[in-house]
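Beneath this line is the structure, given in structure tokens, with notes to follow.
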Amino acid sequence: MNERMEKIVSLCKRRGFVFQSSEIYGGINGFWDYGPLGAELKRNVKVRWWRSMTQQRDDVVGLDASIIMHPKIWEASGHTATFSDPMVDCLLTKKRFRADQIEPQSGTIYHFSGAKDESNGKSCAEAYSVLIPTGKHPEYARKIARQFYVGRGLTVPALLDERTEEAINTTRFNPENGSLLTEARPFNLMFKTFVGPVESADNTAFLRPETAQAIFAQFKNVLDVSRQKLPFGIGQIGKAFRNEINPRNFTFRSREFEQMELEFFIKPDEIAAKSAPKADAAPGQPQPNWGWSEWHKYWVDERIKWYASIGLDQDCLDFYWQKKEELAHYAKATVDILYKFPFGTQELEGIAARGNFDLTQHQKFSGKSMEYFDEEDKSRYLPHVIEPSAGVDRLVLALICHAYNEETVTDDKGKSETRVVMKFHPRVAPIKVGVFPLLKNRPEIVKKALEVRDLLRPHMTVFYDEAGAIGRRYRRQDEAGTPFGVTIDFDTLGEKPELLDTVTLRDRDSMQQTRVKISELVPLLLEKIR
Ligand code: GAP
């Protein structure tokens, strides 16, 4: 992990954004818990997605489906047969890797045809190889090979038929110790469990690896109750589980995570093309005759605007149009929205044009019609789908990485120090405002500060803090990413009569303080956090 990422991970633990799951028992790889600040941040992200994708639109409704569903769902979707990653194991340590994530290495390969043990006459005829960097002492390779044969039951192995070969960019060896790896084989990523008291094949079920399939399976029910007409969408936020071979990069690739998915159902191109465009539609606004590629572009644009609305503008994002040969077999196009993480530019969201693959499959496997009756066209057909699918945890990690700033600040006495400040957009910041009485031993100031806290609390998350010097209290909120600080002082009580019932409002990023009337605080802050 690079230095910046190490500082971010350490801040996450220190300030209670993210903890390792089950830490007191040594942790469990690929699982994470969100602490008080992380829980608020994550909640704000989900609330904003839900609001923008469902509540503020006439053409999208919500769903909250179960995590465990009928196993046939995963047969229909193709997950049972193909939702796998290629896996390899180290022949020495048994450590498991994703074959496609092994960095190519070059060096000298030492091959051995087997080994025999003179002390007890035992032998092992299994061939084995070790890769070491060119120029490294051969004894290193032999030591690894002897450990391998000890693992095969020999006590003092003598290596047989040593020969060497130069290798360039091979991915057949464990990058950590040079040992040969097994051949790659598929590893299904779905977590299995049993439904009911009997652990049998008939009762096997899976934790959902994506939220999307529940939306397809409930398409008809939602259509019947919501009185929607195509084009319309169904959105869902919820947990998904993947038994990733190598969870890594902090929360980026986890085994339990949350998704925010929209399945937006549209008419097939040939049906949509029959509709006349609206003469009065604003540029970029949906048109009845749009085909899948216009809708796909529309959703890419909508999602980019949404990321900007929570502080991730285009400068920190990247976009990747999957090449034809990379597309899933049913997809017509997929655009990945990527964030420039400290560990590399990586995917936050995929926006796929999935055709009518999923509904076709569920119709076939369930035997129930998934067709839509088009009243205008007087025809029945399977709608096509555009799917913006985002990960909550990845986005939270991107927001944390993006917010992390170190600044050198100099106080009135000329003393410099490093200020760690989390510059979250006020819309997602876990705490919106800190409320500070200047002195905690002045009951009249404390009383007023508590009144201000109670005035703000119904509208936003407030943190009241009276402990320590005011500068220290500001720093604590800087690290929590609180965008505003309100200080109640003697002027608030009328020491300068013209400042009666005013407070100082400190801006986290500029550290500028302005004097504001208490009566104006709520509308002023709401305007910035909404
Ligand atoms: N229904 C489509 C689908 O699930 P995906 O690209 O596999 O597509 C969508 O997943 C999003 O879910 C990703 O862009 C990512 O943000 C998130 N995601 C996927 N696997 C993840 C993992 N192991 N850990 C955290 N987030 C993950």
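The values are calculated or read from the model by the stated rules, or taken from the named source; none is laboratory data. Keep in mind that this is a model prediction, so the values were computed, not measured. Please note: Cβ atoms are built from the backbone with ideal geometry, for glycine as well, and neighbour counts cover all protein chains shown. These accessible areas exclude ligands, DNA and RNA; they are computed on the full protein's heavy atoms, side chains included. Shrake-Rupley method; radii C 1.70, N 1.55, O 1.52, S 1.80 Å.
Examine segment 439-447 for a residue that is in contact with a helix residue (DSSP H, G or I) (Cβ under 8 Å, 6 or more places away or on another chain) and among the acidic types (D, E), and state whether such a residue exists. Checked against the condition, which is being in contact with a helix residue (DSSP H, G or I) (Cβ under 8 Å, 6 or more places away or on another chain) and among the acidic types (D, E), segment 439-447 yields no hits at all.
Is it fair to say E176 is open to solvent by 40 Å² or more (accessible area, probe 1.4 Å) and either at pLDDT below 95 or more than 16 Å from the ligand (Cβ to nearest atom) (or both)?
yes
Residues in segment 519-529 include none that are open to solvent by 20 Å² or more (accessible area, probe 1.4 Å), among the hydrophobic types (A, V, I, L, M, F, W, C), in contact with an Asp or Glu (Cβ under 9 Å, 6 or more places away or on another chain) and not in a strand (DSSP E or B).
A single member of V452, V435 is among the hydrophobic types (A, V, I, L, M, F, W, C) and touching a Lys or Arg at 6+ places or on another chain (Cβ under 9 Å), and it is V435. The set of residues in segment 90-104 that are open to solvent by 30 Å² or more (accessible area, probe 1.4 Å) and in contact with a strand residue (DSSP E or B) (Cβ under 8 Å, 6 or more places away or on another chain) comprises L91, L92, T93, K95, R96, R98, D100, P104.
Counting only residues that are part of a helix (DSSP H, G or I) and open to solvent by 10 Å² or more (accessible area, probe 1.4 Å), segment 478-518 holds 5 of them. The residue that is surrounded by the fewest Cβ atoms within 10 Å (Cβ to Cβ), among those in segment 446-462 that are in contact (Cβ under 8 Å) with a residue 40 or more places away in the chain and closer than 11 Å to G434 by Cα, is T461.
Hey, which of the helices (runs of 4 or more DSSP H) in segment 17-89, taking only ones fully inside, have at least 2 residues that are more than 16 Å from the ligand (Cβ to nearest atom) and either open to solvent by less than 40 Å² (accessible area, probe 1.4 Å) or over 30 Å from N174 (Cα atoms) (or both)? Can you show your working first?
Working: elements: 36-50, 72-77, 79-82.
Qualifying helices (runs of 4 or more DSSP H): 36-50, 72-77.
Evaluating G471 against the criteria (1) more than 27 Å from the chain's Cα centre (by Cα); (2) modelled with pLDDT of 95 or more; (3) over 19 Å from G38 (Cα atoms) leaves one unmet condition, (2). Within segment 148-170, residues that are outside any strand (DSSP E or B) sit with their Cβ atoms under 6 Å from residues that are among the acidic types (D, E), at 6+ positions apart or across chains, in these pairs: L154/D117; T155/D117; V156/D117.
Looking only at segment 266-279, decide whether some residue is within 19 Å of L359 (Cα to Cα) and open to solvent by 30 Å² or more (accessible area, probe 1.4 Å). Checking segment 266-279: at least one residue is within 19 Å of L359 (Cα to Cα) and open to solvent by 30 Å² or more (accessible area, probe 1.4 Å). Looking only at residues in segment 192-209 that are open to solvent by 20 Å² or more (accessible area, probe 1.4 Å) and within 16 Å of the ligand (Cβ to nearest atom), the one that is farthest from the chain's Cα centre (by Cα) is F206. With respect to the stated conditions, A145 fails to be free of Cβ contacts under 8 Å to residues at least 40 places away in the same chain and surrounded by fewer than 16 Cβ atoms within 10 Å (Cβ to Cβ). When residues in segment 210-229 are screened for being charged (D, E, K, R) and within 13 Å of the ligand (Cβ to nearest atom), 1 of them pass. Selection of first residues in segment 322-343 that are under 20 Å from G78 (Cα atoms) and in contact (Cβ under 8 Å) with a residue 12 or more places away in the chain and of second residues that are in a loop (DSSP other than H, G, I, E, B) and not polar (S, T, N, Q), restricted to Cβ pairs under 7 Å at least 6 apart or on distinct chains, gives the following pairs, ordered by first then second residue: T334/L327.
Name the residues in segment 323-360 that are of a type in the set (V, I, T) and under 19 Å from K297 (Cβ atoms), would you?
T334, V335, I337, I351, listed by residue number.
Report, by residue number, each residue of segment 230-255 that is closer than 11 Å to G391 by Cα, near the ligand (Cβ under 9 Å from one of its atoms) and open to solvent by 20 Å² or more (accessible area, probe 1.4 Å). Once the filter is applied, which keeps residues that are closer than 11 Å to G391 by Cα, near the ligand (Cβ under 9 Å from one of its atoms) and open to solvent by 20 Å² or more (accessible area, probe 1.4 Å), segment 230-255 yields only R253.
Looking across segment 181-209, the residues that are part of a loop (DSSP other than H, G, I, E, B) and polar (S, T, N, Q) come down to T182, S200.
Search segment 319-350 for residues being more than 24 Å from G235 (Cα to Cα), in a strand (DSSP E or B) and open to solvent by 60 Å² or more (accessible area, probe 1.4 Å), and hand back the single one that is nearest to the ligand (Cβ to nearest atom). Reasoning before the result, please.
At the first step, the residues of segment 319-350 found to be more than 24 Å from G235 (Cα to Cα) are 323-326, 340-345.
Now restrict to residues that are in a strand (DSSP E or B): 340-341, 344-345.
Applying the additional criterion that residues be open to solvent by 60 Å² or more (accessible area, probe 1.4 Å) yields 340, 345.
Values: K340: 15, T345: 13 Å.
Only one residue tops the list, namely T345.
In segment 379-407, what residues are among the charged types (D, E, K, R), in contact with a Leu (Cβ under 9 Å, 6 or more places away or on another chain) and over 21 Å from Y298 (Cβ atoms)? Walk me through how you get there before you give the answer.
Of segment 379-407, the ones among the charged types (D, E, K, R) are 380, 387, 393-394, 406-407.
Restricting the remaining residues to those that are in contact with a Leu (Cβ under 9 Å, 6 or more places away or on another chain) gives 387, 394.
Within segment 379-407, just R394 meets the criteria.
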